[in-house]
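Values quoted throughout were computed directly from the atomic coordinates according to the rules given, and no laboratory measurement underlies them. What you are looking at is a predicted structure, and each value in this text was computed from that prediction instead of being measured. All Cβ positions, glycine included, derive from the backbone under ideal geometry; neighbour counts span all protein chains shown.
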């Protein structure tokens, strides 16, 4: 078996256990075999898809802990329940306009967002008819079930797991840090020639980028319309993320799709100075430059092109109801009021929650880089979270 790539761990990173190294070697072997069977080249989207989602092997399905302070990253719901309470305020507003509305969460993580939202919606007398969790990982499903049974045992009759998108939905769909984990294609323009940047094996038996000429077609057409006109340039094009949002729009009877993720409008995403794209590898709360770093053990992400996502929603029959920074959305939805009510301002609990809210709102943390977008169908009222600071005009 060829050696797994990047087997030397940078000094600043914690060492791997023998089991972790063995698992990464299995993931490497699986992807290497796929490359060999494909005449030595696969798209980066296929590489990332296998590294994250290969059954029993991929990062999101193999069972290692991914969320939390001692894992690879922390998402907003893990920081504080006040995020979920603010989101629940927005969900309640939508559900009030959708009879028997459902709430569907894509990629539910630990189940904390679901539990906190259900508790807040119950307190508001605004529970959905059902709370569906769409989860591809058997391990995460089990963790979500345990968490929800402990936190909301009396509401479990409303909770169910689903394997695929519903054929029709009414209510609210929440996608928190979902689109960044959908594998994109990499496109490169070098000396005026167009290539798709895929993955092959080097002479040393390691993963390596390999460029193939890219003929005219949807991928190249998208890159030509988005990339700056001059200079060498490499970036991501994500037709799968767009297809998901378009499909959700087509299947929406009435309701709102609410997306949280890090990203930009197209004019910023494909800025001339962002000439190497946005691809990142996350490992133990650190960003690693190498996308081939310990496959199966590290998370791979790319920022979200919110202009493309908005266009996909419109093509699916939805309306762009709002686009704002995460900070502005949460403030509009009442997170500061919720913080003021949570505990005595001099208590340790208050200080802990205040620090978490600061991280969610600060421009230097998650407040500005993370954006919130809502796409709706059949919702007449202007959404709570976008009544101030709406930036739809930037898309």
May I ask you to sort 276, 307 by Cβ crowding, counting other Cβ atoms within 10 Å and putting the fewest first?
-> 276, 307
Neighbour-count order for 203, 143, fewest beta carbons within 10 angstrom listed first | 203, 143
15 Å reach of a label modelled at residue 314, 7 Å along Cα-to-Cβ, counting backbone N of the range 353-376 = 374-376
Simple label model, 7 Å out from Cα along Cβ direction - residue 274 to residue 215, nm | 3.1 nm
So, in Å, what gap is there between the alpha-carbon centers of the range 212-253 and the range 190-205?
-> 19 Å
One would report the antiparallel percent of DSSP beta bridges in the chain, rounded to the nearest 5, as 60 percent
If you find the alpha carbon centre of the range 353-371 and of the range 14-60, how far apart are they in angstrom?
-> 33 Å
Quick one: 342, 252, fewest Cβ neighbours within 10 Å first, how do they rank?
-> 342, 252
By how many nm would the segment from residue 232 to residue 129 lengthen if fully extended, with 0.36 nm per residue of separation less the alpha-carbon distance?
-> 31.9 nm
Please work out the FRET efficiency for the pair residue 369 and residue 167, using the Cβ-Cβ distance as r and a Förster radius of 35 Å; give the result to the nearest 0.05.
-> 0.50
Quick one: go through the range 305-343 and flag any residue whose amide nitrogen is under 14 Å from the point 7 Å out along the Cα-to-Cβ line of residue 225.
-> 307-316
